[in-house]
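Worksheet: one structure, shown below.
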Amino acid sequence: NSGLNIKDLTVAYKGGQLALERVNLTVPEHSIYTIIGPSGSGKSTLLRAIAGLIKDYQGEILFQGSSVHTKETLIGLVPQSYGLLPWKTVHSNIHMAMKISHPDRTQKHNQEQTIQHWLEAMGIEDLAKRYPLSLSGGQQQRVAIARAFALVPTIMLLDEPFSALDAVTRETIQRLFLENWKANPATTLFVTHDVEEAILLGEKIIVIPSDKGKSPVTIDNDHVFH
Ligand code: ADP
Ligand code: ADP
């Protein structure tokens with residue numbers, strides 16, 4: 001029962017739109033699984049439900065055997081549309097997420113070091129005082145990645161996190177992502193529409209079919225290098 005366990009997860013949006021129907025899957029602790037599947041198959045809904053952003057679901061989302069939302073499991077999410085607060089600076093977006101997730105960690109110096117580390121790693125240290133809406137999509141996406149990594153979560157959920165990056169930046173950040181995961185191996189679900197990326201990063205690749213009610217298929221990945 002270790003790791004992340006999704007049992008019979010069904011999500012219907014208001015108006016009756018069925019986004020997921022009786023989905024079962026397991027991600028072992030400290031593994032990276034990638035998820036691919038056609039648009040509308042429910043990939044974002046799955047991550048949002050695990051992250052606690054969708055409260056109205058049927059079924060169970062367990063981590064280490066009990067509900068992921070009742071225990072102190074820290075979950076990091078890189079949402080598809082970045083989810084930055086437009087009235088806060090880049091620095092403040094990251095800082096606020098850290099304060100909410102680690103209210104007891106009052107050591108300002110360490111927090112500041114962590115923020116600086118990730119801003120630099122993402123190549124956006126010059127943007128700390130800017131507001132999200134003054135940034136390009138790729139810059140906003142890097143802020144969202146920095147924010148999630150700075151939390152050092154137990155479960156990491158990424159929804160097409162590199163989609164707005166140019167090819168060179170994407171390769172650099174893919175490498176950083178794997179290095180970071182080796183240092184802090186969060187149990188990770190990574191949604192991508194890029195099959196090459198799914199093969200590059202995933203220990204296993206989960207394919208969500210477009211037909212509701214059909215179970216996701218999990219494919220072993222022999223090519224993964226981590
Ligand atoms: P994917 O990420 O695989 O493209 P989504 O999880 O975004 O799929 O969507 C799954 C289904 O749920 C789609 O049919 C989509 O139209 C519907 N859906 C997604 N978000 C909402 C919402 N906020 N309200 C109503 N329906 C939604
Ligand atoms: P917030 O919750 O908005 O982060 P704070 O009172 O903690 O509020 O910080 C006020 C502002 O100063 C925020 O925008 C924050 O990002 C910024 N800030 C705090 N500490 C530093 C620092 N060491 N270097 C640069 N900016 C900082």
The answer for the per residue Cα convex hull volume of region 90-226, in Å³, is 133 Å³
Treat every Asp and Glu Cβ in the chain as -1 and every Lys and Arg Cβ as +1, leave all other atoms uncharged, and give the resulting dipole magnitude about the Cα centre to the nearest 20 debye. 760 debye
Taking DSSP loops as anything outside H, G, I, E and B, show the longest stretch in the chain free of GluC sites (Glu not before Pro) there with at most 14 other beta carbons within 10 Å. 73-226
With a cap of 11 neighbouring Cβ atoms within 10 Å, and only residues DSSP puts in a loop, list the chymotrypsin sites (Phe, Trp or Tyr not before Pro) found in region 47-146. Trp87
Using just the helices of the chain, give the 222 nm mean residue ellipticity in deg cm²/dmol: DSSP H runs with n ≥ 4 each add -39,500 (n - 2.57), and the total is spread over all residues, rounded to 500. -10000 deg cm²/dmol
Per-pair calculated FRET efficiency, R0 = 22 Å: His102 and Ser81 via Cβ, rounded to 0.05: 0.35
Classify region 1-70 as rounded, prolate or oblate, taking a ≥ b ≥ c as the square roots of the eigenvalues of its Cα gyration tensor: rounded when a/c is under 1.5, otherwise prolate if a/b is larger than b/c and oblate if not. oblate
The chain - percent relative contact order, Cα under 8 Å, separation 6 or more: 31 percent
Enumerate the amide H contacts of Leu74 below 5 Å, restricted to partners 5 or more residues apart or on another chain; note that Pro and chain-start residues carry no placed amide H. Thr154, Ile155
Stretched fully, the stretch from His69 through Val195 gains (0.36 nm per residue minus C-alpha distance, one decimal, in nm) 42.3 nm
In nanometres, the difference between 0.36 nm per residue of separation and the alpha-carbon distance of Phe225 and Arg175 is 16.9 nm
Approximate shape of region 129-180 as ellipsoid semi-axes (Cα gyration tensor, √5λ), whole Å, largest first: 18, 15, 9
Whole-Hz ³J(HN,Hα) from phi, Karplus 6.51 cos²θ - 1.76 cosθ + 1.60, for region 146-155, glycine and proline x: 4, 4, 5, 5, 5, 7, 6, x, 6, 10
Rolling a 1.4 angstrom probe over the protein chains, ignoring ligands and nucleic acids, what is the accessible area of Met98 in square angstrom, nearest 10? 10 Å²
Under a straight-distance cross-link criterion of Cα-Cα below 22 Å, which lysines are reachable from Lys88, leaving out those fewer than 8 residues away in the same chain? Lys99, Lys108, Lys129
In the full protein assembly as shown, how much of Ser136 is accessible to a 1.4 Å probe, in Å² to the nearest 10? 60 Å²
For the chain, set up a GNM with springs between Cα atoms under 10 Å and report which of Asn110, Asn24, Asn184 has the largest fluctuation. Asn110
Sparse-neighbour loop sites [trypsin sites (Lys or Arg not before Pro); region 8-48; at most 14 other C-beta within 10 Å; DSSP]: Lys14
Rounded, prolate or oblate: pick one for region 47-131, where a ≥ b ≥ c are the square roots of the eigenvalues of its C-alpha gyration tensor, a/c under 1.5 means rounded, and failing that, prolate if a/b is larger than b/c, else oblate. prolate
Computed E for Arg22/Ser210 - FRET, C-beta separation, R0 25 angstrom, nearest 0.05: 0.95
Assuming a ≥ b ≥ c are the square roots of the Cα gyration tensor eigenvalues, decide whether region 1-152 counts as rounded (a/c under 1.5), prolate (otherwise, with a/b larger than b/c) or oblate. prolate
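The values are calculated or read from the model by the stated rules, or taken from the named source; none is laboratory data. None of these values were measured; they are calculated from a predicted model. Heads up, the Cβs are rebuilt from the backbone with ideal geometry, glycines too, and the neighbour counts pull from every protein chain shown. Just so you know, the surface numbers come from the protein's heavy atoms only, side chains and all, with ligands and any DNA or RNA stripped out. Shrake-Rupley method; radii C 1.70, N 1.55, O 1.52, S 1.80 Å.
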